[in-house]
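**Q** One structure follows; several queries about it will come next.
The values are calculated or read from the model by the stated rules, or taken from the named source; none is laboratory data. In this text, all values refer to a predicted model and were calculated from it rather than measured experimentally. Because the Cβ atoms are built from the backbone with ideal geometry, glycine has one as well, and the counts that use them run over all protein chains shown. The protein model used for the area step is the full one, side chains on, heavy atoms only, and it has no ligands, DNA or RNA in it. Shrake-Rupley method; radii C 1.70, N 1.55, O 1.52, S 1.80 Å.
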Amino acid sequence: MNTSQRSNSLKKNVSWMFIGNGSYAFALWVQLSLVTKYCGPMDLGTYTLALAVTAPVFMFTGLNLRAIQVTDVKGEWRFADYFTLRLFSVILGLLIIGGYALLSDTHAIAIFLCIGCLKAIEGFAEVFNSKQQLHEQMKNIAISLMLKGLSATISIAVGVYFFHALHIGLLLAIFTNFCVLFFNDYRRCLPLISGQPLFEIDMPSLKALLIRALPLGIVMFVISVNTNVSKYFAEYFLGTAEQGVYSTISYLIVLGNFVNMAIGQSFTPRLSRYYADGQLSQFIRLKNKFMLISTVLGAGLFLGSLVLGKPLLTMLFSKRIAEYHQLFTLVMFAGIFVYNASALGFTLTSMRIFKVQPYINLAVLAVNCISSYFLIKSYGLYGITYASVLGFATQLIVTWFIIRKHLKEKSNTAAAAVTHTTTALAGEVL
């Protein structure tokens, strides 16, 4: 494939992932908006808390297998290894969420269990989508995201509007998303795994994959906790209703991050190949392009919030939420740091630098926890955003230095290899 073909292919992949992630993000916003408009403050707070609790659990048990699978260009593990490990990890995640739900009040149990089941279905879909991503079949992934987002949105709308019960909507979403998993994700992936077993317990392979993936699982857990830790503190210091308000407003950062993820998911296979092949100039160029897009995205959303903050929140959610428009602007400013930190995270993963990532994110978690504890007590909801800026700025700086160090080492190694080869050839001529 020549340079022009590669460029066109990458643009097409990015376009499909924009469509897929954009529609999925829009669907999630509609779901949150439906809960905000048709459910009470406690339902909203419980719903956002369930999302904040289940996310770290399934991030950890999911082990970020996607990162390994989409960069496994040499076929180090079989598809059955990824699927089998994901099956065991999903069961573990459901057990943890089930135990937590039983300790919650009766009202929250159904919502927690339903969100857990939806996360489990997402986990299985991810294995099939990752196989497609490895082969740069972004169109199929986009279709999967659109179908899941649409079906879940319609389900929740039926539950909260016609039955006035959020848990009924979530139960319908579980059924429809399972149908998408089987009839779309599994069936579309069959040509790529034709003749291969779907499930097989090969203990040496599973053990090796688990050892490789466990640091990434810890990283994803810590990243998710970093994203949600301020909500836990808000729940503790400010209460469920206030936590629900902040989670609703900050979700608009998540919408932007879906766009960033669309770029990252499209760029990662290409970045991984460039780095593995030693094409460092192409790698750096693509990485810098990713950073530029992330900066423009964050700055654009921040400027938009300055101009349209209050009317936008009124239209998207409610007048009560719109009262926090100044907080919304500050949250959008934090998004600039969030998107750039995410871009560098994708870059680090594409370089297959896994072991250092837990330490980076643990350091960021420490900054987040300490700053959240003191700032939320002093500044309330605004303190959450101040803590987020400090945490993601720390992640951005540390990750940038690590990437720079590894690129310099790889460049020096390549230069030394060229010098050695040149010297050897000169010796043969003499």
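**Q** Considering every residue within the stretch 338-348, establish whether at least one is in contact with a Ser or Thr (Cβ under 7 Å, 6 or more places away or on another chain), of a type in the set (Phe, Trp, Tyr) and either within 30 Å of residue 74 (Cβ to Cβ) or at pLDDT below 90 (or both).
**A** Yes, the conditions are met somewhere in the stretch 338-348.
**Q** Which pairs have Cβ atoms under 8 Å, sit 6 or more apart or on different chains, and link a residue in the stretch 402-414 that is surrounded by 12 or more Cβ atoms within 10 Å (Cβ to Cβ) to one that is hydroxyl-bearing (Ser, Thr, Tyr)?
**A** Hits for this filter: 403/347; 410/275.
**Q** Select from the stretch 383-401 the residues that are closer than 14 Å to residue 223 by Cα and hydroxyl-bearing (Ser, Thr, Tyr) and write down the one among them that is most open to solvent (accessible area, probe 1.4 Å).
**A** The selected residue is 394.
**Q** Please go through the stretch 308-337 and give me each residue that is more than 22 Å from residue 257 (Cβ to Cβ) and open to solvent by less than 10 Å² (accessible area, probe 1.4 Å), ordered by number.
**A** The one that is more than 22 Å from residue 257 (Cβ to Cβ) and open to solvent by less than 10 Å² (accessible area, probe 1.4 Å): 322.
**Q** (1) open to solvent by less than 20 Å² (accessible area, probe 1.4 Å); (2) in contact (Cβ under 8 Å) with a residue 60 or more places away in the chain: which one isn't true of residue 60, the others all being true?
**A** (1)
**Q** Is it fair to say residue 249 is of a type in the set (A, V, I, L, M), open to solvent by less than 60 Å² (accessible area, probe 1.4 Å), within 24 Å of residue 387 (Cα to Cα) and touching a Gly at 6+ places or on another chain (Cβ under 6 Å)?
**A** no
**Q** Just to be sure I understand the filter: pairs with C-beta atoms under 6 Å, separated by 6 or more residues or on different chains, first member in the stretch 187-211 and within 15 Å of residue 84 (Cβ to Cβ), second member of a type in the set (A, V, I, L, M, F, W, C) and assigned to a loop (DSSP other than H, G, I, E, B). Which pairs pass?
**A** Correct list of pairs: 209/77.
**Q** Just give me the residues in the stretch 370-382 being in a helix (DSSP H, G or I) and surrounded by fewer than 18 Cβ atoms within 10 Å (Cβ to Cβ), in sequence order.
**A** Selection gives 370, 373, 374, 377, 378, 379, 382.
**Q** If you scan the stretch 363-381, which residues turn out to be without any contact (Cβ under 8 Å) to a residue 12 or more places away in the chain and farther than 20 Å from residue 221 by Cβ?
**A** Once the filter is applied, which keeps residues that are without any contact (Cβ under 8 Å) to a residue 12 or more places away in the chain and farther than 20 Å from residue 221 by Cβ, the stretch 363-381 yields 374, 378, 379.
**Q** Right, next: Within the stretch 102-116, how many residues are assigned to a helix (DSSP H, G or I), surrounded by fewer than 20 Cβ atoms within 10 Å (Cβ to Cβ) and of a type outside the set (Gly, Ala, Ser)?
**A** So the count comes out to 5.
**Q** Take the stretch 276-299 and flag every residue that is touching a residue at least 60 places away in the same chain (Cβ under 8 Å), in a helix (DSSP H, G or I) and either open to solvent by 30 Å² or more (accessible area, probe 1.4 Å) or touching an Asp or Glu at 6+ places or on another chain (Cβ under 7 Å) (or both).
**A** Within the stretch 276-299, 276, 284 qualify.
**Q** Another one. Residues in the stretch 75-85: is at least one modelled with pLDDT of 90 or more and of a type in the set (A, V, I, L, M)?
**A** Scanning the stretch 75-85, I find at least one residue that is modelled with pLDDT of 90 or more and of a type in the set (A, V, I, L, M), so the answer is yes.
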